[in-house]
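Colleague: Next up is a structure, given as structure tokens.
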Amino acid sequence: MTRTDQEPLDLEAWLEALRAEAKVRHTAGRTDQDRADFEAFIRTEKAEEKVHKSLYKRGVPQQEAGDITQFALMRLWERWDDTPEDERLKFSYHVAKQRWIDWLRSRQHRTALVDPMADWLLESEDPHTDPATLSVERQHVIVLVNTLPPKQRTVFAFALDGLKPRQIAREVGLTEATVRSHLRHGRERLRLLLLAENSV
């Protein structure tokens, strides 16, 4: 995703574009027959209904169950060629279960850290720093992230969105070690870019 210096930076749109790039790479080369097979599987196996029902039985609220079911089926579509025919429904159940667990963990983590994190931000922030300056600095870092190689940039987009390496690995279809490597190399590259800018 490219931008000119004149355009204002929209962080959400930028992150969404990077996520879309990653998903396109996973589904490139799919044929109409693949799509027809996938749709037939959803109809004949009643996959959507079964996954949704299994989540609902676990106590997942109706709205979240629907969202997680859609996520699981999208993940199945991305892995359609790699998933054996007799394992596809099982794969969908597994993805849905993991997504629900991740949602619960992130919710629990956010709830536990809200107050201490707010206190830390208030204590660490210089009271004389202008909020506009902080915003400009954050945007500058995002612009620098946009200069990273595509894989590092994609991984960083998910990291900026608050995902952990394990979750990022699941999203982009890489191993957790590879994700950590991309993050490490990306951080080093950003550090060098910032050093180069500050020395000018």
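Colleague: For the stretch 58-70, give me the residue count where each residue is free of Cβ contacts under 8 Å to residues at least 24 places away in the same chain and buried (at least 20 other Cβ atoms within 10 Å of the Cβ). Show your work before the answer.
Modeller: Initial filter on the stretch 58-70 (free of Cβ contacts under 8 Å to residues at least 24 places away in the same chain): 59, 61-63, 65-67, 70.
Subsequent filtering for residues that are buried (at least 20 other Cβ atoms within 10 Å of the Cβ) retains 65.
The total comes to 1.
Colleague: Next question, about the same structure. Tally up the residues in the stretch 71-99 that are without any contact (Cβ under 8 Å) to a residue 60 or more places away in the chain, within 15 Å of the chain's Cα centre (by Cα) and open to solvent by 20 Å² or more (accessible area, probe 1.4 Å), please.
Modeller: 3
Colleague: Is there any pair linking a residue in the stretch 31-57 that is part of a helix (DSSP H, G or I) and surrounded by 13 or more Cβ atoms within 10 Å (Cβ to Cβ) to one that is modelled with pLDDT of 90 or more and of a type in the set (Lys, Arg), with Cβ under 8 Å and at least six apart or on different chains, and which?
Modeller: Between residues of the stretch 31-57 that are part of a helix (DSSP H, G or I) and surrounded by 13 or more Cβ atoms within 10 Å (Cβ to Cβ) and residues that are modelled with pLDDT of 90 or more and of a type in the set (Lys, Arg), the close pairs are 41/88; 45/88; 47/88.
Colleague: May I ask you to list the residues in the stretch 156-188 that are among the aliphatic types (A, V, I, L, M) and assigned to a helix (DSSP H, G or I)?
Modeller: Taking the stretch 156-188 first, the residues among the aliphatic types (A, V, I, L, M) are 157, 159-160, 163, 168-169, 172, 174, 177, 179, 183.
157, 159, 160, 168, 169, 172, 177, 179, 183, listed by residue number.
Colleague: Take the conditions part of a helix (DSSP H, G or I), at pLDDT 85 or above and surrounded by 11 or more Cβ atoms within 10 Å (Cβ to Cβ) and apply them to residue 136. Does it pass?
Modeller: Working: part of a helix (DSSP H, G or I): yes; at pLDDT 85 or above: no; surrounded by 11 or more Cβ atoms within 10 Å (Cβ to Cβ): yes.
Taking the combined requirement at face value, the residue does not satisfy it.
Colleague: For the stretch 163-193: of the residues being small (Gly, Ala, Ser) and open to solvent by 20 Å² or more (accessible area, probe 1.4 Å), which is nearest to residue 152 (Cα to Cα)?
Modeller: Taking the stretch 163-193 as the starting set, the residues that turn out to be small (Gly, Ala, Ser) are 169, 173, 177, 181, 186.
Okay, now just the ones that are also open to solvent by 20 Å² or more (accessible area, probe 1.4 Å), so 173, 177, 181.
Details: 173: 14, 177: 13, 181: 9 Å.
Looking at the filtered set, the residue picked out is 181.
Colleague: Tell me which of these residue 106 doesn't satisfy, since it passes every other one: (1) hydroxyl-bearing (Ser, Thr, Tyr); (2) closer than 21 Å to residue 164 by Cα; (3) modelled with pLDDT of 85 or more.
Modeller: Exception for residue 106: condition (3).
Residue by residue, here is whether (1) closer than 15 Å to residue 50 by Cβ; (2) of a type in the set (Ser, Thr, Tyr); (3) part of a helix (DSSP H, G or I) holds:
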| site | (1), (2), (3) |
| --- | --- |
| 65 | yes, no, yes |
| 73 | yes, no, yes |
| 76 | yes, no, yes |
| 90 | yes, no, yes |
| 93 | yes, yes, yes |
| 97 | yes, no, yes |
| 103 | no, no, yes |
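Colleague: Identify, please: which residue in the stretch 20-60 is of a type in the set (Lys, Arg) and under 18 Å from residue 85 (Cβ atoms) and is, among those, modelled with the lowest pLDDT?
Modeller: Narrowing the stretch 20-60 to residues of a type in the set (Lys, Arg): 23, 25, 30, 35, 43, 46, 50, 53, 57-58.
The next check asks that each one be under 18 Å from residue 85 (Cβ atoms); those that pass are 30, 35, 43, 46, 50.
Details: 30: 74, 35: 85, 43: 87, 46: 90, 50: 91.
My answer is 30.
The values are calculated or read from the model by the stated rules, or taken from the named source; none is laboratory data. All values reported here derive from a predicted model rather than from experimental measurement. Every residue, glycine as well, gets a Cβ built from its backbone with ideal geometry; the counts of neighbours run over all protein chains shown. We work out accessible area using only protein heavy atoms, side chains counted, and drop any ligands, DNA or RNA first. Shrake-Rupley method; radii C 1.70, N 1.55, O 1.52, S 1.80 Å.
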